[in-house]
Amino acid sequence: MKMTSRSLASAFVLLLGSVAGISTAAAQSLDFQNYNVIVFGDLNTNSDIEGRTFVGNNFTGTNSATIGNRLQSVASNDRAFVVGNDLVAGNALHLQGGSLYIDGNANGRVTTRPVVADHSIDAALAGIKSYAEAQSQSLMSMASDSIVTLPSGGQPGPLKFFATGGLDGLAVFNVNAAQIFNNNFVQQMELILDANTTDVLINVTGDVNWVGGANMVGNFTSNYWQAHTLWNFHDATLVDLNAHQFNGGILAPKAHVQLDGGSIDGLVVADKLTATAEIHLPDSNASLTAFSGFTAPVPEPGSAIFLLAAGGLLFIMRNRRLMA
């Protein structure tokens, strides 16, 4: 069977098993498609998150926020909001669909949707985080086949990502964070695609402090490419987007992601997240998919099938490097 970039993209899928008091139907996969935000530590927001949200530790924001704006049609037992410890005391949180599954104290902050005690979250968290970190490193090891051009001659100008898709449709960039996000000569970022490209992986080295007025334009802002572009901040401990609008999925398993204005249109996987602005699902229609380019079901850690799946990813990557 031909392995495509979507097979390669077994990059991050783990199953949250059912627990006592929760029906089998309530169990669902924790993956790039199902969740809009996956945070291993604390989440602090006073704004909106359109899709499903997983928080490994505490939800620390004390102001009102809205979770699951686009989840009104999901089942009442949907794992729309999962919290591994507490909702710290504060104003009401507006969960728009599904249920809150929580291992700690909800402090009365969710009153309009079911609240379910779930003591399986901590047991799954270490495996989820270590798998995300391992896959981030594996994706970073892929050979680049696409190029970036920077403004030249000491003059402001556009930064252009020229995507060259391989036989599997995946275009891979390896870039330095400072050149992209801490470059006052960059006026805008453009994604230029060849006919073969179906998915884009941008491996970024270093911490991010996005300064200046540059924004992502063109293909970066389309629904399709927001759901089929993955920014892999493999070694970052800080991804500070300031007040910019960010497009595409963020895989930053070691980083504190910060957003103070603008928005994020796509998936966020991070160690911590602090946001005073909205985090959107990429597609403005009825789709609940947060990320489409890198998805495949992988059983929960510890099973032989999981190990085979992880080995399969490495096999695909070795083949990809040989083909490059």
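The values are calculated or read from the model by the stated rules, or taken from the named source; none is laboratory data. A quick note: this is a predicted structure, and the numbers were derived from the prediction, not measured. Reconstructed Cβ throughout: ideal geometry from the backbone, glycine too, with neighbour counts over all protein chains shown.
Values for this structure:
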item: Among (1) more than 19 Å from Ala143 (Cα to Cα); (2) crowded, with 20+ Cβ neighbours inside 10 Å; (3) touching a residue at least 40 places away in the same chain (Cβ under 8 Å) - the single one Trp225 does not satisfy; result: (3)
item: Criterion violated by Ala195 - all others in (1) at pLDDT 95 or above; (2) under 24 Å from Gly41 (Cα atoms) satisfied; result: (2)
item: Residue within segment 236-244 that is under 14 Å from the mean Cα position of the chain (by Cα), at pLDDT 95 or above, under 23 Å from Ser146 (Cβ atoms) and assigned to a strand (DSSP E or B) present; result: yes
item: Selected residue (criterion: nearest to Ala195 (Cα to Cα)) from residues of segment 228-262 that are polar (S, T, N, Q) and buried (at least 23 other Cβ atoms within 10 Å of the Cβ); result: Thr229
item: Every residue from segment 94-151 that is farther than 30 Å from Ala163 by Cβ, touching a Phe, Trp or Tyr at 6+ places or on another chain (Cβ under 9 Å), modelled with pLDDT of 95 or more and charged (D, E, K, R); result: Arg109, Arg113
item: Selection from segment 114-128 of residues that are in a loop (DSSP other than H, G, I, E, B) and surrounded by fewer than 21 Cβ atoms within 10 Å (Cβ to Cβ); result: Pro114, His119, Ser120
item: Residue satisfying condition, being modelled with pLDDT of 95 or more and either under 19 Å from Pro253 (Cβ atoms) or in a strand (DSSP E or B) (or both), within set Gly41, Gly61, Gly90; result: Gly41
item: Enumeration of residues in segment 272-291 that are among the small types (Gly, Ala, Ser) and at pLDDT 70 or above; result: Ala275, Ala277
item: Every pair of residues 6+ apart whose Cβ atoms lie under 6 Å, when the first sits in segment 65-92 and is surrounded by 18 or more Cβ atoms within 10 Å (Cβ to Cβ) while the second is basic (Lys, Arg) and in a loop (DSSP other than H, G, I, E, B); result: Leu87/Arg109
item: Verdict on Gly169 being on the phi > 0 side of the Ramachandran plot and in contact with a strand residue (DSSP E or B) (Cβ under 9 Å, 6 or more places away or on another chain); result: yes
item: Number of positions in segment 245-265 that are outside any strand (DSSP E or B) and polar (S, T, N, Q); result: 0
item: Qualifying residue in segment 137-152 (condition: of a type in the set (Ser, Thr, Tyr) and buried (at least 17 other Cβ atoms within 10 Å of the Cβ)); result: yes
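One line per residue, one yes/no per condition, for (1) within 24 Å of Gly266 (Cβ to Cβ); (2) touching a His at 6+ places or on another chain (Cβ under 8 Å):
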residue	(1), (2)
Phe40	yes, no
Thr45	yes, no
Val55	yes, no
Ala65	yes, yes
Asn69	yes, no
Ser73	yes, no
Ser76	no, no
His94	yes, no
Gly98	yes, no
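Condition check ((1) free of Cβ contacts under 8 Å to residues at least 60 places away in the same chain; (2) more than 23 Å from the chain's Cα centre (by Cα)) across all residues:
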| position | (1), (2) |
| --- | --- |
| Leu125 | no, no |
| Ser141 | no, no |
| Ile147 | yes, yes |
| Gln179 | yes, no |
| Asn182 | yes, no |
